[in-house]
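Here is the structure we will look at.
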Amino acid sequence: MAVSTTKFSLTQRLSTLLLMVVALSIGGALIANLLSARHYLVQQLGMQSSDTAQALALTLSQRPADRALDLAMLKAAVGRGDVAEVRWESPAGHAAIRLRMPAPLSDVPPWFVGLLPLAPAPGIAPVRRDGEPAGRIVVFAEPALAYLTLWQSALQTVLWLCVIGLSAALLGAFDIRRLRRQLLAVVGQARAISEQRFYKLPVPGIPELAEVAYAMNQMVDRLQLYLDGLRDELDRTRLAVLTDSSTGLPNREAFDQAFTRLLMPQDDPVSGFLLLARVANLAELNQRLGARRTDALLKRVADDLLAHCQANRGWMATRLRGADFAMLCPELASDSAKQLAGELCAAWDIYQDMGLTDRPGVGHIALTDFHSGDASDEVLRRASLTLTQAETGALNRWQVDLGDPLPDATVNDHDWKQLLDLVCCDGSLQLRWYPVCHPDGGVLWQEGMLFRPARGELSQMSALRLVAHALRLGLAHKIDLLTLELALTLGPRGRLAINFSPASLAHDDFLPGVLAQLQVHPTRRINFEFHETGLDEQWDSFVNFCQAVRSAGHQVAVEIQGHDLGLVARTHEAGIAYLVLDHALTQGIHADEGRAALVRGLLQMASLMAMEIEAKGVTAREDLEALVALGVHCLTGPAVR
């Protein structure tokens with residue numbers, strides 16, 4: 001239901017009410033003060049007139065009749081300035097003598113005189129001569145001085161009442177401002193819940209707001225508990241379907257699917273290294289150390305491999321069998337591959353000091369390069385031969401097999417930095433667009449994939465290669481900003497989707513740069529898709545990014561591989577629009593009930609947070625039909641196109 005914005009808000013009503021109370025209080029106090037002062041002055045003027053009349057009557061009664069002297073005495077009384085008029089009336093009521101003083105000049109405004117007229121009673125005193133009534137003296141006091149006193153009193157009263165009223169208004173304004181902050185916080189929480197963003201709020205000190213905030217916090221807690229329960233259930237499903245139960249690494253099936261897909265011929269060729277690691281003499285270790293310590297050793301080896309994977313997008317580690325581990329390292333240069341092997345061996349050197357093993361070494365490592373189009377079995381065969389050669393030497397030894405030099409094998413970090421700076425400026429980067437479709441076949445938006453076509457001596461570079469080296473050199477934010485500029489200026493009509501790296505959020509100028517570009521193209525609508533790798537480290541910045549771009553009509557999504565369902569359960573804090581399922585979660589889903597159960601659980605979790613699900617990279621028609629039957633909201637990939 002639409003909320004009217006033309007009516008007064010609660011704080012506006014309170015502010016208006018406060019101003020009315022202060023104004024009425026000041027006006028009431030001023031009126032009461034002025035009326036009281038006027039009553040007092042009227043009494044004083046009446047007493048003054050009576051005293052003057054008594055004094056004149058007594059003096060005149062004691063003197064012999066002399067009109068000239070009587071007139072002089074009355075003139076003297078009028079000349080003092082506090083008498084406006086004196087009359088000597090005969091016993092018959094006729095004015096024998098009548099003297100009136102001209103009205104003196106005054107600073108009192110006429111409207112004030114008309115507003116508060118002073119009408120004191122005249123002073124009357126009888127005059128007797130020779131024991132006979134000689135008339136009476138009637139004296140009218142001059143109110144000019146009283147008006148001046150009343151005016152000055154009114155000004156002082158208004159001044160002090162304004163000071164008091166202003167102080168009261170300021171105190172009330174501070175309190176209303178505090179109330180408004182708490183009220184806006186509660187309103188913001190309610191609005192966030194309506195947008196399927198759920199977060200808890202500190203309970204305000206105002207009882208009425210406290211009850212509302214407490215109720216919404218309870219709802220968020222219950223939702224979070226339910227999401228945590230779903231996450232735990234999905235984690236169990238994931239462990240059974242995609243994960244090795246002992247080490248927590250992806251299992252052999254998931255690794256084979258990812259490796260096979262990576263080696264498939266594609267528009268953007270990929271190259272890199274396959275790393276094989278083997279713990280030497282595992283059976284003997286198990287006999288000497290026991291199953292528990294041996295499992296701890298294998299878990300530590302897996303954790304070291306996983307730590308490198310989490311820092312590099314597209315990398316994947318697995319436990320092949322027993323003592324054998326593998327790590328897929330796309331877009332890794334030969335020098336960096338050798339450095340990686342050296343770091344892992346150096347980490348193994350301290351395992352004995354950590355109590356993980358009883359010998360100074362752990363095992364051996366082999367590195368084998370691969371390229372798009374290679375056969376996975378052939379690459380694994382070469383890696384196994386290289387590992388066998390490494391095992392002829394001492395423990396913690398590594399060996400590398402360079403079957404064919406990588407295209408960037410001679411490019412060092414300095415060269416890559418220059419190259420990335422160059423491609424950000426020479427206009428060589430482009431976006432290749434793919435449709436994202438509704439299950440009924442309609443195109444919802446276009447998704448852009450960054451690449452650099454072959455130019456000069458440099459071969460074509462894929463998005464994975466560009467982003468991998470940009471992340472390693474801390475230049476991902478420049479690539480992302482350029483991607484956004486290409487989408488806004490050269491992208492097709494309609495809503496567009498582009499991929500961003502979570503590492504870009506760490507740069508202070510990244511979000512302002514994004515907002516500045518969006519303001520230049522206010523009619524464009526962009527979906528920003530972040531990969532889950534590294535997103536947890538930039539979570540606060542990610543939430544701020546979502547709030548900033550969502551207010552301008554854009555959307556944010558997170559691409560997941562299913563290995564961090566805790567992150568998925570937290571996405572309601574950011575209010576993202578949809579989740580993107582990596583092809584590793586959907587490949588072969590038509591024949592894999594475990595994957596279907598995992599996707600079904602993700603759909604249930606997403607529905608609670610009002611998010612949609614996109615299946616990415618669907619290659620088989622059977623998988624497409626299975627995903628549509630499960631209820632996936634949108635799809636992309638060769639089978640969809």
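The values are calculated or read from the model by the stated rules, or taken from the named source; none is laboratory data. Because the structure is a prediction, the values reported are computed rather than measured. Quick reminder, even Gly has a Cβ in these numbers, built from the backbone with ideal geometry, and neighbours come from all protein chains shown. We work out accessible area using only protein heavy atoms, side chains counted, and drop any ligands, DNA or RNA first. Shrake-Rupley method; radii C 1.70, N 1.55, O 1.52, S 1.80 Å.
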Practice item. Within segment 441-502, report the GluC sites (Glu not before Pro) that DSSP leaves as loop and that have at most 16 other Cβ atoms within 10 Å. Key: 457
Point to revise | Added length on full extension, which subtracts the Cα-Cα distance from 0.36 nm per residue, residue 29 to residue 222 | key: 64.0 nm
Revision key, fill the gap. Checked against the positive end of the charge dipole of the chain (+1 on Cβ of Lys and Arg, -1 on Cβ of Asp and Glu, about the Cα centre), the farthest of 611, 357, 18 is 18
Study note, to complete from the structure: Excluding ligands, DNA and RNA, the carbon-plus-sulfur percentage of the accessible area of segment 414-635 with a 1.4 Å probe reads 51
Point to revise | Where segment 246-400 is the region considered: accessible area per residue in Å², 1.4 Å probe | key: 41
Study note, to complete from the structure: Candidate cut points under trypsin sites (Lys or Arg not before Pro) in segment 120-224, DSSP loop plus at most 16 other Cβ atoms within 10 Å of their own Cβ, are 200
Check your understanding: Between 427, 459, 332, whose Cα lies farthest towards the positive end of the dipole of the chain when Lys and Arg beta carbons carry +1 and Asp and Glu beta carbons carry -1, centred on the Cα centre?
Key -> 427
Study note, to complete from the structure: The local net charge around residue 148, scoring Lys/Arg +1 and Asp/Glu -1 for residues other than residue 148 whose Cβ lies under 14 Å from its Cβ, equals -2
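Count neighbours as other Cβ atoms within 10 Å of each site's Cβ, and list the trypsin sites (Lys or Arg not before Pro) in segment 453-545 that are DSSP loop with at most 12 such neighbours.
Numbers: sites: 455, 465, 472, 478, 493, 495, 524, 525; in loops: 493, 495, 524, 525.
For trypsin sites (Lys or Arg not before Pro) across segment 453-545 that sit outside H, G, I, E and B with at most 12 neighbouring Cβ atoms in 10 Å, the list reads 493.
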Point to revise | Point-charge dipole on Cβ atoms (K/R +1, D/E -1) for segment 573-641, about Cα centre, debye to 20 | key: 100
Exercise for review: Can you tell me the 0 to 90 degree angle between the C-alpha axis of helix 621-630 and the longest principal axis of the chain, rounded to 10?
Suggested key: 40
Point to revise | residue 111 accessible area, 1.4 Å probe, all protein chains in place, Å² to nearest 10 | key: 150
Exercise for review: Mind checking the per residue accessible area of segment 414-635 for me, 1.4 Å probe, whole number of Å²?
Suggested key: 39
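May I ask for the net charge around residue 493, where only other residues with Cβ less than 12 Å from the Cβ of residue 493 are counted and Lys, Arg are +1 while Asp, Glu are -1? Intermediate values should be presented prior to the final figure.
Working: positive: 495, 524, 525; negative: none.
Here the charged neighbours net out to +3.
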Point to revise | Label assignment, Kirkwood radius over Cα pairs in Å derived from the structure, set [x] 25.8; [y] 32.5; [z] 27.5 | key: [y]
Review point. Cβ under 10 Å from residue 535's Cβ, residue 535 left aside: what net charge do those residues give with Lys, Arg +1 and Asp, Glu -1?
Key: -4
**Study point:** Mean accessible surface per residue for segment 10-166, computed with a 1.4 Å probe while every protein chain stays in place, in Å²
**Key:** 60
Point to revise | segment 246-400, dipole about Cα centre (Lys/Arg Cβ +1, Asp/Glu Cβ -1), debye to the nearest 20 | key: 540
Practice item. Tell me what the chain gives for mean residue ellipticity at 222 nm when only DSSP H runs of n ≥ 4 count, each as -39,500 (n - 2.57), the sum divided by the residue total, rounded to 500 deg cm²/dmol. Key: -17000 deg cm²/dmol
Review point. Expressed as a whole percentage, what fraction of the accessible surface of segment 246-400 belongs to carbon and sulfur atoms when a 1.4 Å probe is rolled over the protein heavy atoms?
Key: 50
Review point. What number, in percent, do you get for the relative contact order of the chain if the mean sequence gap of Cα pairs under 8 Å and at least 6 apart is divided by its residue count?
Key: 10
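On the protein heavy atoms, probe 1.4 angstrom, tell me the percent of accessible surface of segment 117-176 carried by carbon and sulfur. Please list the in-between numbers first.
Numbers: 2410 of 3390 Å².
Of all accessible area on segment 117-176, carbon and sulfur atoms account for 71 percent.
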